[in-house]
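Contents: one structure, followed by commentary.
The values are calculated or read from the model by the stated rules, or taken from the named source; none is laboratory data. In this text the structure is predicted, and so the values were computed from the model without any measurement. All Cβ positions, glycine included, derive from the backbone under ideal geometry; neighbour counts span all protein chains shown.
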Amino acid sequence: MRKMSNNLAVLAVVGCAAAAAVVYQQAGRTAGVGSGPFAGDEKRQQMNYSKSMYDIAPLPRERVAELAKKLDAETYRVTQKAGTEPAFCGTLVDNKKEGVYCCVVCGLPLFSSEHKFNSGTGWPSFYREFDPQHVTRKRDESHGMSRVEINCARCGAHLGHVFDDGPKPTGERHCLNSVSLKFHEKGTELPPESRPAAFETAYFAGGCFWGVEHYFQKGPGVIDAESGYMQGRTEKPTYKQVCNHDTGHAETVKVVFDPKRISYRRLLEAFFVMHDPTQLNRQGPDEGDQYRSGIWYTSDEQRKTAEAFVAEQAKSPRFAGRKVVTQVEAAKTFFAAEEYHQDYIAKTGGVCHVANPW
Ligand SMILES: [Zn+2]
């Protein structure tokens, strides 16, 4: 574990609110603690989503073989056997329409009309990728040449080569085979395999947001968790205003998740393990209405699921004799908390009242 400073060690003993006061006064200094990429970015990469939010998990060999069976002989030769189509013969060399160029095998968007240029080589040329994480590179020493081969990051299809004689701003020339690409004109509907992942957002208030954010971030299927303020009366509240009970906001964690990998119901279950839904306007050592228990729904489906879940929990033996006070309300605007509150537990190695639900 990272060595904690004396001030941060206080956190483990007196709870979040008191320690936060210490940190608040020293925000300038603590802002540097654990600086680096957001935990959310790391998680996104671990889960194999690109920056533009496409699923880029490498497909198993059997799946690629299945997809490749549908290709015509020339496309198979180029994409699966690293072949090259003759110059000036491809159908996309002179294509000037606006749109996106996707992998002919798996559908991942690889290049955009925005970055296409006329290289005069006879092959479709682009000065950059749609998303650099969608195209992988490897050295190719075949045919007595030293080149850099480019492939689809998801299915491994051979696309062409990249050279360093392209135009500004990158100076690169991605030299493509037309048969490796499937062009979709702007305004036409993309097939599911060419669309970004459809994520959902959920909001939970369960006391001090540090611990709640920390454990939601660890959830399987959770892309990102972020600390903030919600359900209050003012715009862009500060931590100090919220602490002074001036604004009516609740400390809230925004959870972005992939509903194909984790259900909203599972998030609700985790939330009820993390905090005590029978404590009114407090959690552990933290007191005040900013620490109230709440579920702020973003769709009618979430509302139904949350209301049914809370009603069911209210009757469960776990809470016998104690009233569940969790509020279920339509989500208002989420205001992200100050930078020093984000990933707080991960940055400081601190401890919170929140239980690990996973
Ligand atoms: Zn592909």
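Could you figure out which of (1) at pLDDT below 95; (2) within 16 Å of the ligand (Cβ to nearest atom); (3) among the basic types (K, R) isn't true of R154?
If we test R154 against (1) at pLDDT below 95; (2) within 16 Å of the ligand (Cβ to nearest atom); (3) among the basic types (K, R), just (1) comes out false.
Filter region 115-173 for residues that are of a type in the set (A, V, I, L, M, F, W, C) and touching a residue at least 40 places away in the same chain (Cβ under 8 Å) and give the result.
F117, W123, F126, F130, C152, A153, C155, A157, L159
Determine which single condition G288 fails, assuming it passes every other condition in (1) surrounded by 15 or more Cβ atoms within 10 Å (Cβ to Cβ); (2) at negative phi; (3) in contact with a strand residue (DSSP E or B) (Cβ under 8 Å, 6 or more places away or on another chain).
All conditions are met except number (2).
How many residues are under 20 Å from H184 (Cα atoms) and crowded, with 17+ Cβ neighbours inside 10 Å if we restrict to region 69-94? First the steps, then the outcome.
Residues of region 69-94 under 20 Å from H184 (Cα atoms): 70-72, 75, 79, 89-94.
Now drop any that are not crowded, with 17+ Cβ neighbours inside 10 Å, which leaves 71, 75, 79, 90, 92-93.
Total meeting the criteria: 6.
Go through region 133-148 and give me each residue that's surrounded by 15 or more Cβ atoms within 10 Å (Cβ to Cβ) and outside any strand (DSSP E or B).
Q133, H134
Can you work out which of the residues in region 119-143 that are of a type in the set (S, T, N, Q) and more than 16 Å from the ligand (Cβ to nearest atom) is farthest from T79 (Cα to Cα)?
Kept after step one, since they are of a type in the set (S, T, N, Q), are these residues of region 119-143: 119, 121, 125, 133, 136, 142.
Filter again for more than 16 Å from the ligand (Cβ to nearest atom), leaving 119, 121, 125, 142.
Numbers: S119: 22, T121: 20, S125: 17, S142: 16 Å.
Step by step, filter region 119-143, then rank; the result is S119.
Surrounded by 14 or more Cβ atoms within 10 Å (Cβ to Cβ) and farther than 30 Å from Q231 by Cα, is that true of A157?
Criteria met by A157.
Can you name the residue in region 108-118 that is of a type in the set (S, T, N, Q) and farther than 12 Å from D94 by Cβ and is also nearest to the ligand (Cβ to nearest atom) among such residues?
This residue is S112.
Out of A337, A355, report the one residue that is buried (at least 16 other Cβ atoms within 10 Å of the Cβ) and either touching a residue at least 12 places away in the same chain (Cβ under 8 Å) or assigned by TED's automatic domain parsing to the domain that holds Q241 (or both).
Sole residue among the options that is buried (at least 16 other Cβ atoms within 10 Å of the Cβ) and either touching a residue at least 12 places away in the same chain (Cβ under 8 Å) or assigned by TED's automatic domain parsing to the domain that holds Q241 (or both): A337.
Just give me the residues in region 165-212 being over 20 Å from L268 (Cβ atoms), in contact with a strand residue (DSSP E or B) (Cβ under 7 Å, 6 or more places away or on another chain) and of a type in the set (S, T, Y), in sequence order.
S180, S194
Can you tell me how many residues in region 224-242 are in contact with a helix residue (DSSP H, G or I) (Cβ under 6 Å, 6 or more places away or on another chain), within 22 Å of R303 (Cβ to Cβ) and of a type outside the set (G, A, S)?
Number of matching residues: 1.
Residues that are assigned by TED's automatic domain parsing to the domain that holds Q45 and surrounded by fewer than 16 Cβ atoms within 10 Å (Cβ to Cβ), at least 3 per element: which helices (runs of 4 or more DSSP H) completely within region 196-281 meet that?
Values: elements: 209-217, 239-243, 264-274.
Passing ranges, in order: 264-274.
Suppose we filter region 92-132 for residues that are over 22 Å from L59 (Cα atoms), in a loop (DSSP other than H, G, I, E, B) and touching a strand residue (DSSP E or B) at 6+ places or on another chain (Cβ under 9 Å); how many remain?
13
So I56 fits all but one of (1) out of contact with any His (no Cβ under 7 Å at 6 or more places or on another chain); (2) not assigned by TED's automatic domain parsing to the domain that holds H184; what number is the exception?
In the conditions (1) out of contact with any His (no Cβ under 7 Å at 6 or more places or on another chain); (2) not assigned by TED's automatic domain parsing to the domain that holds H184, I56 misses (1) alone.
Residue check: is S5 modelled with pLDDT under 90, more than 23 Å from E251 (Cβ to Cβ) and within 16 Å of the ligand (Cβ to nearest atom)? Even if it seems obvious, please write down each step before you answer.
Details: modelled with pLDDT under 90: yes; more than 23 Å from E251 (Cβ to Cβ): yes; within 16 Å of the ligand (Cβ to nearest atom): no.
Against the criterion (modelled with pLDDT under 90, more than 23 Å from E251 (Cβ to Cβ) and within 16 Å of the ligand (Cβ to nearest atom)), S5 does not qualify.
Which of the residues spanning region 294-323 are modelled with pLDDT under 95 and not in a helix (DSSP H, G or I)?
K315, S316, A320, G321, R322, K323
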